[in-house]
There are 2 protein chains.
Amino acid sequence: MARVVKKAPVSVSPEPTFQGEETNRRSELVRAAGRLFREKGYSATTIRDIADAVNMRSGSPFYHFKSKQDILRTVALDGIATIHAAVAKPAASNKAPRARFEAMLTAHLNVLLGDEGRDIAATLLHESRHLDAEAQDEVIRLKDAYEGLWQAVLKELKTDGALTDDSALTRLFLMGAMNWTTQWYRHDGGRSPRQIARQLAKLLLRD
Amino acid sequence: MARVVKKAPVSVSPEPTFQGEETNRRSELVRAAGRLFREKGYSATTIRDIADAVNMRSGSPFYHFKSKQDILRTVALDGIATIHAAVAKPAASNKAPRARFEAMLTAHLNVLLGDEGRDIAATLLHESRHLDAEAQDEVIRLKDAYEGLWQAVLKELKTDGALTDDSALTRLFLMGAMNWTTQWYRHDGGRSPRQIARQLAKLLLRD
DNA sequence: CCTACCGATCGGTAGG
DNA sequence: CCTACCGATCGGTAGG
């Protein structure tokens, strides 16, 4: 292992001088943590990994977060909030159900597979079980609200005759097909989230 | 933490006296490891957890496996072999494509959700990334062979007109819908793997 | 397979 | 936010 080069001490106040600075440093930690949690998993990621990634000493993340768990909680909540916001927009559009559905698929996949969202989304999907019970409940509540967006559009699709079954089971299959993309999607591959969304809609819906 | 009660030393040979005994002890470790890997993840599971689960001292698993990685490798390979064997049977039957497909879905889900297979299957699906590169290649090779079973039946379903697209993307959506069941399936819930398989077939196939 | 142990690493804290 | 540190725990090994 290469030893980390020690930062030269700088003679400025170590205290965050205004909120923007604190928020910045804190969100740097969240971003770095998300990436590491996705790459190595929560348990295999150490506080030192996270600190190193943003050029802090190993004790310093605890100035921003009270525990490693607290970092995970922040990342996971950020993840579900981001996905919800991304999908709520097309869900509220006045498109026909079929087009709206496809736009929602695209939005969901854009977060999961895109550069800005994939770390926190993967953390949400795969590391939430490491949250304590309370935080897990929080995540579940938000996830239920999110899935409500999907249940609503599925219902409309059934009314339109594009779907024969809009039960919770259908929604779960849909979530599975979408969320599993994180396991096989290659950024260097030919398919865009948009194209994947279109194919999935074609597979699920009838004319 | 409650201290583990120390086993009273027994005055029999500590050496495995015949192969059946060794195989047994080793496979007990594999089963315990699978369960723990599913419940807590590979990184959060310690050798001591695994040893405790089968009433060994913490150094003893290394008599059967050369490293923690080696245990994971064994569980993961066991997982993919089990799933392949379970699905290969209905895949080789002389049923019509549609019925064969549904039987394959049921077989896959029975392993993922059933008492005997779920631990190793979940370990395979969610912990394989912790394998070293060589073992990961091994798993990928076996998984590709396994997915060949599915690609073949999808092709037949397309020929039959039950499917409009039998591309790799369709197979990946299918895998997602199935494998995601491990995230939401409740053993105490009302739905059986059989019923889930039937619903999934209905969602994907056209008359 | 147990006993006894090791060096490394971990999450977290006190004090500035 | 750094320095310096702590107690606990980890994967793994020697020797029987």
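The values are calculated or read from the model by the stated rules, or taken from the named source; none is laboratory data. Just so we're clear, the structure is a prediction, and the values are computed from it rather than from any experiment. No Cβ is skipped: glycine too gets one built from the backbone with ideal geometry, and neighbour counts run over all protein chains shown.
If you go through region B:175-186 and keep only what is more than 8 Å from chain A (Cβ to nearest Cβ) and crowded, with 16+ Cβ neighbours inside 10 Å, you end up with B:THR182, B:TYR185.
Scanning region A:65-93 for residues that are more than 12 Å from DNA strand C (Cβ to nearest atom) and either β-branched (Val, Ile, Thr) or within 14 Å of chain B (Cβ to nearest Cβ) (or both) yields A:THR74, A:VAL75, A:ILE80, A:THR82, A:ILE83, A:VAL87. Quick check: anything in region A:150-163 at pLDDT below 95 and more than 12 Å from chain B (Cβ to nearest Cβ)? No; the residues of region A:150-163 include none that is at pLDDT below 95 and more than 12 Å from chain B (Cβ to nearest Cβ). Note on region B:40-76: among residues that are of a type in the set (Val, Ile, Thr) and within 7 Å of DNA strand D (Cβ to nearest atom), the one that is surrounded by the fewest Cβ atoms within 10 Å (Cβ to Cβ) is B:THR46. Looking only at residues in region B:135-149 that are touching a residue at least 60 places away in the same chain (Cβ under 8 Å) and away from every other protein chain (no Cβ under 11 Å), the one that is nearest to B:SER93 (Cα to Cα) is B:LEU149. Taking residues in region B:53-64 that are away from chain A (no Cβ under 14 Å) and in contact (Cβ under 8 Å) with a residue 24 or more places away in the chain, and partners anywhere that are part of a loop (DSSP other than H, G, I, E, B) and more than 11 Å from DNA strand D (Cβ to nearest atom), the pairs with Cβ atoms closer than 7 Å and at least 6 places apart or on different chains are B:ASN55/B:LYS7.
State yes or no: is B:ALA197 buried (at least 21 other Cβ atoms within 10 Å of the Cβ) and either among the acidic types (Asp, Glu) or touching a Ser or Thr at 6+ places or on another chain (Cβ under 6 Å) (or both)? Criteria met by B:ALA197.
Evaluation of B:LEU109 against the conditions (1) within 14 Å of chain A (Cβ to nearest Cβ); (2) within 16 Å of DNA strand D (Cβ to nearest atom) shows that the sole unmet condition is (2).
Does region A:115-134 include one or more residues that are surrounded by fewer than 18 Cβ atoms within 10 Å (Cβ to Cβ) and within 14 Å of chain B (Cβ to nearest Cβ)?
Within region A:115-134, one or more residues are surrounded by fewer than 18 Cβ atoms within 10 Å (Cβ to Cβ) and within 14 Å of chain B (Cβ to nearest Cβ).
Checked against (1) surrounded by fewer than 18 Cβ atoms within 10 Å (Cβ to Cβ); (2) more than 15 Å from A:SER128 (Cβ to Cβ), A:ARG100 passes all but a single condition, namely (1).
So which helices (runs of 4 or more DSSP H) stay within region A:1-118 end to end and still have 2 or more residues that are closer than 30 Å to A:ARG206 by Cα and modelled with pLDDT under 95? Steps first, answer last, please.
Working: elements: A:19-40, A:47-53, A:61-64, A:68-91, A:97-113.
In region A:1-118, no matching helices (runs of 4 or more DSSP H) lie anywhere.
Exactly one residue among B:LEU112, B:LEU124, B:LEU174 is of a type in the set (A, V, I, L, M), free of Cβ contacts under 8 Å to residues at least 60 places away in the same chain and within 21 Å of B:ALA33 (Cβ to Cβ), and that residue is B:LEU124.
Please specify each residue of region B:26-52 satisfying the condition of being within 14 Å of chain A (Cβ to nearest Cβ) and either on the phi < 0 side of the Ramachandran plot or near DNA strand C (Cβ under 10 Å from one of its atoms) (or both). Those that are within 14 Å of chain A (Cβ to nearest Cβ) and either on the phi < 0 side of the Ramachandran plot or near DNA strand C (Cβ under 10 Å from one of its atoms) (or both): B:LEU36, B:PHE37, B:ARG38, B:GLU39, B:LYS40, B:TYR42, B:SER43, B:ALA44, B:THR45, B:THR46, B:ASP49.
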